Every structure is written in C-alpha cells, then in structure tokens.
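Chemist: Have a look at the structure that comes next, please.
Coordinate-derived values only; no laboratory data. Fair warning: this is a prediction, and the values are worked out from it, not measured in the lab. Reconstructed Cβ throughout: ideal geometry from the backbone, glycine too, with neighbour counts over all protein chains shown.
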Amino acid sequence: MPELPEVEVVRRGLERHVAGRTIRAAQVLHPRAVRRHQPGAEDFAAAVRGQVIAGARRRGKYLWLPLASAGAAGVAEDALLVHLGMSGQLLLGEPDRPLSAHVRVRFEFTDLGPDLRFTDQRTFGHLVYARGGAVLPALISHIAPDPLEPTFDEAAVIAKLRARHGTVKAALLDQSLVSGIGNIYADEALWRAKIHWARPGSSLTRPAAARLFAGVREVLAEALAAGGTSFDSLYVNVNGESGYFSRSLAVYGREGKPCPRCGAPVRREKFANRSAYSCPVCQPRPRVRASVRDLRHHST
DNA sequence: CATTTATCCTGTAAGC
DNA sequence: TGCTTACAGGATAAAT
C-alpha cells in the first residue's frame with residue numbers, strides 16, 4: 001500500500017506483531033519478489049533464517065526490519081528491506097491456513113505463531129536482504145527524509161523546489177527531494193494549498209511553498225490517524241483491515257463531484273501517464289508563459 | 001545536467 | 001455475452 005500513511009500503518013503492525021520474533025524459515029514463492037536481491041532467492045532465504053526481528057523502521061514508502069542473529073544478543077546490523085510497490089501487502093496468517101493466490105514470500109517463525117506473507121498482485125513490490133542496513137539501508141540512500149521525520153528540513157526542501165523548472169507535482173512525487181508522497185496525497189496537498197499541479201516549482205512564492213508543505217503534513221497526519229486510504233481490498237494493514245481516509249479525500253478520484261470548498265466540479269487532467277485531480281476554481285491553471293526560446297522563435 | 005518517457009505486472013471496469 | 005481498451009496508489013533505466 002503505497003503512500004506514507006499506508007506504509008506507516010503497516011510498520012506499526014509489524015512492530016506490534018513480528019518484532020522480537022525469530023524467523024524459522026522463508027519461502028520465496030515468486031522470484032520477482034526478490035529480484036533486487038542480487039545473490040538470488042536461495043541466498044535471500046538463507047540470510048534471513050534464524051534472524052531475530054529487532055524492530056520496524058520506515059522512511060517514505062520504504063520499510064525495513066533490523067535483524068539480529070539469534071543467540072548473539074547483539075545489536076542489529078543487517079535488515080530486511082521492503083517496498084510494497086503498487087499492490088504489496090504484508091499480512092499475518094495462520095500457519096495451517098492455505099496461502100492466497102498472490103503470496104510471493106512467506107516467513108515462518110520459531111514460535112510457530114502467525115506467519116508473515118508478502119502478498120503482491122502486480123509484483124512491483126520487492127524485498128532485499130540489506131547487509132549492514134539496520135540503521136539505514138544503503139540501497140535507499142537516495143531517498144530523502146519524509147515530512148514526518150525530525151530531520152526533515154522544510155526550508156531546504158522549499159529552496160530546492162523553488163529552483164526547479166518542472167511541475168510542482170513532479171517535484172512532490174520525486175522521492176529524492178521529499179519522500180512518502182504519492183499521487184493521492186500530492187493532489188490533496190495541492191488542493192489544500194490552492195495550487196495547480198502544473199505550476200513550475202520556480203513560480204511558487206516562498207509563502208505558497210510553505211502553504212503547500214503545511215498541506216502535505218496535515219493530509220499525511222490526518223490520513224494516518226484514519227488508518228490510511230483504501231478504495232479496495234488491495235490496501236490493508238497486517239490484519240487485512242482497510243483505513244477509512246478515502247471518505248475524506250477532497251479531489252483525488254472525484255472527477256465531476258463538487259469541490260468541498262467551492263462546489264465546482266472536480267477536474268481530471270492527464271499527468272505523466274496517470275491522472276491529476278484538482279478544483280478548476282480554487283486551483284486555476286497557470287497561464288502559459290512563453291519560454292525565452294519560443295519568444296525568439298516567434299519574433300523572427 | 002535536469003526533466004520526461006517507457007516499462008515492469010495483473011486485475012478490474014468501462015466501452016463497443 | 002465476449003472482446004478490447006484504459007487505468008490503477010510506484011520506481012527506475014533510458015531517452016531527450
């Protein structure tokens with residue numbers, strides 16, 4: 001379940017239900033699930049066997065479980081890194097119950113309690129054994145801090161955003177600038193700040209950018225409090241339950257329905273092979289300003 | 001170099 | 001009722 005609030009809901013579930021438990025064995029049922037683990041599926045399964053899950057951490061949409069060798073009583077050094085992709089789930093299951101169709105990797109525990117099933121219909125998600133990755137896996141060193149982290153430097157991010165010529169929405173979705181925001185919360189934050197998605201980052205005043213990040217923090221926090229957003233059974237917590245933030249969405253997925261602020265019908269536009277939802281009144285399209293090159297071209 | 005696009009998958013819903 | 005097409009919450013290598 002893709003964006004930050006949904007991933008955080010999963011992280012909390014893992015902290016509660018698998019932290020402190022020892023992995024007895026892992027079964028890789030679909031090789032694509034561990035495709036980014038270079039040494040291969042067998043190495044992956046061997047690496048996690050016998051490890052104690054020391055906790056559950058998250059940055060943006062990435063999750064990792066720090067691992068400590070059983071019996072060593074040592075600090076965790078390695079980690080199991082997880083990205084849920086578009087349709088990934090981490091579900092608890094009773095060991096004697098059959099596996100559903102899209103279970104890609106299963107982890108069994110030495111206590112013989114509920115197992116953990118990485119379930120992923122579209123197989124965009126993946127798992128990696130991250131050596132030395134307990135604090136922060138090297139594989140995600142390019143992922144910027146997310147807005148809910150204490151180290152998130154809003155002023156610095158705003159400065160970078162305002163130096164960009166691409167659209168403000170593309171910047172919000174760029175995980176190397178700020179992580180955790182996906183298509184839903186980008187649209188919702190832009191609506192809250194009354195900014196059209198196609199405005200160049202460089203066109204935002206500092207106060208407008210500050211408004212935008214206030215909107216980002218608010219919508220992420222509210223969605224998290226509601227247990228995340230889900231439109232269908234694909235986006236659920238470790239116990240298979242859906243969050244209920246979808247009922248609080250102002251524009252995302254609501255084409256033609258009234259803007260909660262002004263009543264105008266929500267508009268949908270094409271954006272990078274997907275959709276951007278906005279209010280045509282609250283978020284007017286930027287007026288197209290000819291680039292320097294276009295001006296030169298037309299004047300001759 | 002910054003920015004955009006094409007691609008990896010499966011399933012569902014809408015349109016004909 | 002089929003069959004085809006568009007679309008879905010993401011990340012990334014390749015292209016521009």
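Chemist: Which residue pairs have Cβ atoms closer than 8 Å, lie 6 or more positions apart in sequence or on different chains, and pair a first residue in the stretch A:36-51 that is touching a residue at least 24 places away in the same chain (Cβ under 8 Å) and among the hydroxyl-bearing types (Ser, Thr, Tyr) with a second residue that is more than 16 Å from DNA strand C (Cβ to nearest atom) and part of a loop (DSSP other than H, G, I, E, B)?
Modeler: Taking only residues 6 or more apart or on different chains, not a single pair turns up.
Chemist: Okay, next question. I'd like to verify a number: residues in the stretch A:180-202 that are away from DNA strand B (no atom under 16 Å from the Cβ) and not in a loop (DSSP other than H, G, I, E, B), how many?
Modeler: Residues meeting the conditions: 8.
Chemist: Among A:LEU112, A:LEU99, A:LEU127, which is at positive phi and out of contact with any Ser or Thr (no Cβ under 8 Å at 6 or more places or on another chain)?
Modeler: A:LEU112
Chemist: State yes or no: is A:PHE44 in a strand (DSSP E or B) and either within 16 Å of DNA strand C (Cβ to nearest atom) or under 30 Å from A:ALA144 (Cβ atoms) (or both)?
Modeler: no
Chemist: Moving on to the next point. Can you name every residue in the stretch A:24-47 that is buried (at least 18 other Cβ atoms within 10 Å of the Cβ) and over 18 Å from A:GLY133 (Cα atoms)?
Modeler: A:ALA26, A:VAL28, A:ALA33, A:ALA41
Conditions (1) part of a loop (DSSP other than H, G, I, E, B); (2) away from DNA strand C (no atom under 16 Å from the Cβ); (3) over 25 Å from the mean Cα position of the chain (by Cα), marked per residue:
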| residue | (1), (2), (3) |
| --- | --- |
| A:VAL7 | no, no, no |
| A:VAL10 | no, no, no |
| A:ARG36 | yes, no, no |
| A:ALA76 | yes, yes, no |
| A:LEU92 | no, yes, no |
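Chemist: Between a residue in the stretch A:252-265 that is closer than 19 Å to A:THR229 by Cα and any residue that is surrounded by 13 or more Cβ atoms within 10 Å (Cβ to Cβ) and among the acidic types (Asp, Glu), which pairs come within a Cβ distance under 7 Å, given they are 6 or more apart or on different chains?
Modeler: From the stretch A:252-265, the pairs are A:TYR252/A:ASP187; A:TYR252/A:GLU188.
Chemist: Considering every residue within the stretch A:74-88, establish whether at least one is of a type in the set (Ser, Thr, Tyr), surrounded by 15 or more Cβ atoms within 10 Å (Cβ to Cβ) and in contact with a helix residue (DSSP H, G or I) (Cβ under 8 Å, 6 or more places away or on another chain). Steps first, please.
Modeler: First pass over the stretch A:74-88, keeping only residues of a type in the set (Ser, Thr, Tyr): A:87.
Checking the rest, the ones that are also surrounded by 15 or more Cβ atoms within 10 Å (Cβ to Cβ) come to A:87.
Among the residues that remain, those that are also in contact with a helix residue (DSSP H, G or I) (Cβ under 8 Å, 6 or more places away or on another chain) are: none.
Within the stretch A:74-88 (the criterion being of a type in the set (Ser, Thr, Tyr), surrounded by 15 or more Cβ atoms within 10 Å (Cβ to Cβ) and in contact with a helix residue (DSSP H, G or I) (Cβ under 8 Å, 6 or more places away or on another chain)), the answer is no, since none of the residues qualifies.
Chemist: Residue pairs, Cβ under 8 Å, 6 or more apart or interchain, first in the stretch A:163-179 and near DNA strand B (Cβ under 8 Å from one of its atoms), second among the aromatic types (Phe, Trp, Tyr). List them.
Modeler: Here the result reads A:THR167/A:TRP197; A:THR167/A:PHE271, each pair linking the stretch A:163-179 to a residue that is among the aromatic types (Phe, Trp, Tyr).
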